[in-house]
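One structure follows; several queries about it will come next.
The values are calculated or read from the model by the stated rules, or taken from the named source; none is laboratory data. Everything numeric here is computed off the predicted structure, so don't read it as measured data. We place every Cβ from the backbone using ideal geometry, glycine too, and count neighbours over all the protein chains shown.
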Amino acid sequence: MTQLTSEAIYSLCLNDPEFQMASRHWTGGVRFEIGTEECGVCVNEGEVEEGLPTEGIGVITISGPQEIWDQVLSANPPRFMNDINIATGRGGLAWQGDRLTWWQYLPAIQRICELMRSSAPMAADAVQEGQGHGSFDSPIGRYLRIDLRGVEHRIYMEEAGKGIPLLLQHTAGSHGVQWRHLFESSAITDHFRLIAYDLPFHGKSVPPVGREWWSETYRLDGDFLRSIPIAISEALGLDQPVFMGCSVGGLLALDLAQKHPEKFRAVISVEGALHVGGNLNALEGFWHPQVSNETKATMMEGLTAPTSPLPYRKETAQAYASGWPPVFLGDLWYYIAEYDLRDLASSIDTSEVGVHIFSGEYDFSATLEKGREAHDAIQGSSYCEMMGIGHFPMSENPAKFLEYLLPVLENIRGA
């Protein structure tokens with residue numbers, strides 16, 4: 001790695017609009033301790049200033065050995081090193097400073113690290129989509145009313161294709177737009193009826209009018225979550241649909257296979273695991289009144305692979321930035337605190353319901369190792385390690401995801 005200087009970092013930040021937007025109103029800066037060398041940048045009310053900031057209010061110090069920084073600042077960092085929030089948690093770096101400042105300005109801190117990388121990242125596949133002005137995409141959207149816990153909910157859903165029903169569950173804190181690329185694949189829609197829905201309180205599924213939800217703490221629990229795809233399936237009269245979910249939906253896929261195998265012909269667990277775990281109290285940045293949704297978006301971009309197409313990585317993050325603030329942390333109740341199949345996974349009968357597990361290389365939440373653990377515990381399941389993909393394969397790199405997914409869908413058709 002070429003030796004960095006404060007002067008060079010100042011110049012990079014001064015000429016980068018993305019950093020300038022993320023650093024607005026910030027007074028402080030970042031100090032980098034790279035082995036025995038020090039460098040950094042100062043910020044005053046959002047304006048970049050040259051010089052190494054002294055430790056104090058608004059200043060974050062990130063430190064670690066040279067060999068770790070070489071990985072973090074390489075053109076295409078290895079897994080767990082592409083995102084500074086994770087590199088300082090499990091990658092060998094450490095940070096010091098005010099915790100609220102860290103959460104508030106994580107997007108700016110992450111952007112500085114991107115600017116400091118030694119060279120341009122490997123070129124990703126070109127993004128080409130759509131049929132031009134005046135054309136329509138494939139899915140048709142409408143609202144379905146279903147009863148959940150005695151309250152009528154208005155659920156937004158999009159459909160395309162014909163054949164075997166395939167229910168699509170989005171990740172925590174996001175909505176069904178994540179699946180939009182699959183709707184445009186005739187290799188899928190010629191044989192499967194795709195149905196992507198927004199969970200209650202997500203996307204276009206506005207909260208129900210039958211209860212005072214605004215005075216409640218939003219918390220997604222397993223019984224409620226499991227009831228949603230089952231209620232949708234029953235309302236639409238679906239015959240043995242396939243269920244595919246990612247992240248929280250990936251956990252739900254395995255949960256459904258264990259608790260309701262008779263309802264589905266197969267489940268596809270994208271970024272699934274038997275148990276994720278974690279400390280919800282350490283995630284105050286997910287719903288702190290002084291931290292914007294930009295921080296959540298940045299953390300989710302950090303879960304994508306650095307070689308996934310940049311427009312799709314940014315689109316994946318934007319969906320998080322536009323969500324209702326309490327919903328992401330509330331979804332993580334199921335994902336982190338409640339869900340645990342470690343003692344139950346061996347009871348899943350894959351002769352009754354097919355189980356297929358996909359794990360992305362750059363996913364530091366539901367890791368490759370966690371996906372492999374789930375596969376080993378569920379006799380008869382299939383497992384696929386998706387290299388060069390992160391936590392959101394269907395939205396961050398749909399072309400590569402389809403290469404992995406289509407053989408499994410063909411297997412399900414054959415079964």
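How about region 6-25: which of its residues are assigned to a loop (DSSP other than H, G, I, E, B), surrounded by fewer than 19 Cβ atoms within 10 Å (Cβ to Cβ) and at pLDDT 95 or above?
Kept after step one, since they are assigned to a loop (DSSP other than H, G, I, E, B), are these residues of region 6-25: 15-16, 23-25.
Imposing the further condition that a residue be surrounded by fewer than 19 Cβ atoms within 10 Å (Cβ to Cβ) reduces the set to 15-16, 24-25.
Listed by number, the residues that qualify are Asp16, Arg24, His25.
Output the residues belonging to region 102-128 that are modelled with pLDDT of 95 or more and either surrounded by fewer than 15 Cβ atoms within 10 Å (Cβ to Cβ) or not in a helix (DSSP H, G or I) (or both).
Tyr105
Suppose we filter Glu152, Glu158 for residues that are closer than 19 Å to Ala319 by Cα and either modelled with pLDDT of 95 or more or not assigned by TED's automatic domain parsing to the domain that holds Phe243 (or both); which single one remains?
Working: Glu152 fails: closer than 19 Å to Ala319 by Cα.
Exactly one residue qualifies, and that residue is Glu158.
Ok, one more. Looking only at region 202-254, which residues are crowded, with 16+ Cβ neighbours inside 10 Å, farther than 18 Å from Val327 by Cβ and aliphatic (A, V, I, L, M)?
Ile230, Ala231, Ile232, Leu236, Leu238, Val242, Met244, Ala253, Leu254
Out of everything in region 53-87 that is aliphatic (A, V, I, L, M) and not in a helix (DSSP H, G or I), what residue ends up being farthest from the chain's Cα centre (by Cα)? Don't jump to the end; show me each part of the working.
In the first step, residues of region 53-87 are kept if they are aliphatic (A, V, I, L, M); the result is 57, 59-60, 62, 68, 72-73, 75, 81, 84, 86-87.
Then keep just the ones that are not in a helix (DSSP H, G or I); that gives 57, 59-60, 62, 73, 75, 81.
Numbers: Ile57: 31, Val59: 28, Ile60: 26, Ile62: 25, Leu73: 23, Ala75: 22, Met81: 17 Å.
Among them, the one singled out is Ile57.
Filtering region 354-382 down to residues that are in contact with a helix residue (DSSP H, G or I) (Cβ under 8 Å, 6 or more places away or on another chain) and surrounded by fewer than 19 Cβ atoms within 10 Å (Cβ to Cβ), which residue is farthest from Gly250 (Cα to Cα)? First the steps, then the outcome.
As a first pass, look at region 354-382 and keep what is in contact with a helix residue (DSSP H, G or I) (Cβ under 8 Å, 6 or more places away or on another chain): 354-361, 364, 366, 374, 377-379, 381-382.
With the extra rule that they be surrounded by fewer than 19 Cβ atoms within 10 Å (Cβ to Cβ), the set shrinks to 361, 377, 379, 382.
Working: Glu361: 16, Ala377: 16, Gln379: 18, Ser382: 14 Å.
Out of the qualifying residues, it is Gln379.
Sort out which residues of region 170-192 are more than 30 Å from Gly330 (Cβ to Cβ) and buried (at least 19 other Cβ atoms within 10 Å of the Cβ), and write them in order of number. Can you show your working first?
Going through region 170-192, the residues more than 30 Å from Gly330 (Cβ to Cβ) turn out to be 184-192.
Within region 170-192, Ser185, Ile188, Thr189, Phe192 meet the criteria.
Find all pairs meeting these conditions: Cβ atoms under 9 angstrom apart; at least six residues apart or on different chains; first residue within region 350-377 and over 12 Å from Val270 (Cα atoms); second residue among the hydrophobic types (A, V, I, L, M, F, W, C) and modelled with pLDDT under 95.
Close Cβ pairs satisfying both conditions: Gly354/Ala415; Tyr362/Phe80; Phe364/Phe80; Phe364/Ile86.
Run down Leu254, Leu238 and say which single residue is of a type outside the set (Gly, Ala, Ser) and under 19 Å from the mean Cα position of the chain (by Cα). Walk me through it before giving the result.
Working: Leu238 fails: under 19 Å from the mean Cα position of the chain (by Cα).
Of the residues listed, the single one that is of a type outside the set (Gly, Ala, Ser) and under 19 Å from the mean Cα position of the chain (by Cα) is Leu254.
Any residue that is at negative phi, touching a Gly at 6+ places or on another chain (Cβ under 9 Å) and buried (at least 23 other Cβ atoms within 10 Å of the Cβ) - is there at least one of those in region 340-347? Give the derivation first.
As a first pass, look at region 340-347 and keep what is at negative phi: 340-347.
Narrowing further to those that are touching a Gly at 6+ places or on another chain (Cβ under 9 Å): 340.
In the following step, the residues that additionally are buried (at least 23 other Cβ atoms within 10 Å of the Cβ) were identified as none.
So far as region 340-347 goes, no, none of its residues is at negative phi, touching a Gly at 6+ places or on another chain (Cβ under 9 Å) and buried (at least 23 other Cβ atoms within 10 Å of the Cβ).
Another one. I'd like to check something: does region 52-61 contain any residue that is closer than 30 Å to Gly390 by Cα, modelled with pLDDT of 95 or more and not assigned by TED's automatic domain parsing to the domain that holds Ala297?
yes
Quick one: how many residues across region 343-400 are β-branched (Val, Ile, Thr) and either within 24 Å of the chain's Cα centre (by Cα) or outside the structural domain of His170 (by TED's automatic domain parsing) (or both)? It would help to see each step written out before you state the result.
Here is the first cut: in region 343-400, the ones β-branched (Val, Ile, Thr) are 348, 350, 353, 355, 357, 367, 378, 389.
Subsequent filtering for residues that are either within 24 Å of the chain's Cα centre (by Cα) or outside the structural domain of His170 (by TED's automatic domain parsing) (or both) retains 355, 357, 367, 389.
Counting residues in region 343-400 that are β-branched (Val, Ile, Thr) and either within 24 Å of the chain's Cα centre (by Cα) or outside the structural domain of His170 (by TED's automatic domain parsing) (or both) gives 4.
One line per residue, one yes/no per condition, for (1) at pLDDT 95 or above; (2) within 29 Å of Ala377 (Cβ to Cβ):
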residue	(1), (2)
Ala266	yes, yes
Asn293	no, no
Arg313	yes, no
Tyr320	no, no
His356	yes, yes
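Separate question: For region 383-397, what are the residues that are surrounded by fewer than 24 Cβ atoms within 10 Å (Cβ to Cβ) and touching a residue at least 60 places away in the same chain (Cβ under 8 Å)? Reasoning before the result, please.
If we filter region 383-397 for residues that are surrounded by fewer than 24 Cβ atoms within 10 Å (Cβ to Cβ), which is where we start, we get 383-385, 387-388.
Result: Gly388, single match.
Sticking with this one: Is there a residue being within 14 Å of the chain's Cα centre (by Cα), without any contact (Cβ under 8 Å) to a residue 60 or more places away in the chain and in the same structural domain as Tyr383 (by TED's automatic domain parsing) anywhere in region 261-271?
no
Next question. Kindly evaluate Arg90 against the criterion of being part of a loop (DSSP other than H, G, I, E, B) and without any contact (Cβ under 8 Å) to a residue 24 or more places away in the chain. Steps first, please.
Working: part of a loop (DSSP other than H, G, I, E, B): yes; without any contact (Cβ under 8 Å) to a residue 24 or more places away in the chain: no.
When the stated conditions are applied, Arg90 does not pass them.
Cβ-Cβ under 7 Å, sequence separation 6+ or interchain: first residue in region 164-179 and within 12 Å of Ile268 (Cβ to Cβ), partner surrounded by fewer than 24 Cβ atoms within 10 Å (Cβ to Cβ) and among the hydroxyl-bearing types (Ser, Thr, Tyr). Which pairs?
Leu167/Ser233
For residues that are hydroxyl-bearing (Ser, Thr, Tyr) and in contact (Cβ under 8 Å) with a residue 40 or more places away in the chain, scanning just region 301-331, find the one that is farthest from Gly360 (Cα to Cα). Before you say what the answer is, go through the steps one by one.
At the first step, the residues of region 301-331 found to be hydroxyl-bearing (Ser, Thr, Tyr) are 304, 307-308, 312, 316, 320, 322.
Add one more test, that the residue is in contact (Cβ under 8 Å) with a residue 40 or more places away in the chain, and what stays is 304, 307-308, 312, 316, 320.
Numbers: Thr304: 9, Thr307: 13, Ser308: 12, Tyr312: 16, Thr316: 15, Tyr320: 19 Å.
Ranking the qualifying residues of region 301-331, first place goes to Tyr320.
So for region 130-138 (the condition being modelled with pLDDT of 95 or more, crowded, with 20+ Cβ neighbours inside 10 Å and either touching a strand residue (DSSP E or B) at 6+ places or on another chain (Cβ under 7 Å) or over 26 Å from Leu329 (Cβ atoms) (or both)), does at least one residue qualify?
No, region 130-138 contains no residue that is modelled with pLDDT of 95 or more, crowded, with 20+ Cβ neighbours inside 10 Å and either touching a strand residue (DSSP E or B) at 6+ places or on another chain (Cβ under 7 Å) or over 26 Å from Leu329 (Cβ atoms) (or both).
Can you find a residue in region 200-219 that is among the aromatic types (Phe, Trp, Tyr), over 21 Å from Gly176 (Cβ atoms) and not in a loop (DSSP other than H, G, I, E, B)?
Within region 200-219 (the criterion being among the aromatic types (Phe, Trp, Tyr), over 21 Å from Gly176 (Cβ atoms) and not in a loop (DSSP other than H, G, I, E, B)), the answer is yes, since at least one residue qualifies.
What about Leu280, is it at pLDDT below 95, closer than 18 Å to Pro398 by Cβ and either under 14 Å from the mean Cα position of the chain (by Cα) or assigned by TED's automatic domain parsing to the domain that holds Phe358 (or both)?
Here the answer is no, as Leu280 does not meet what is asked.
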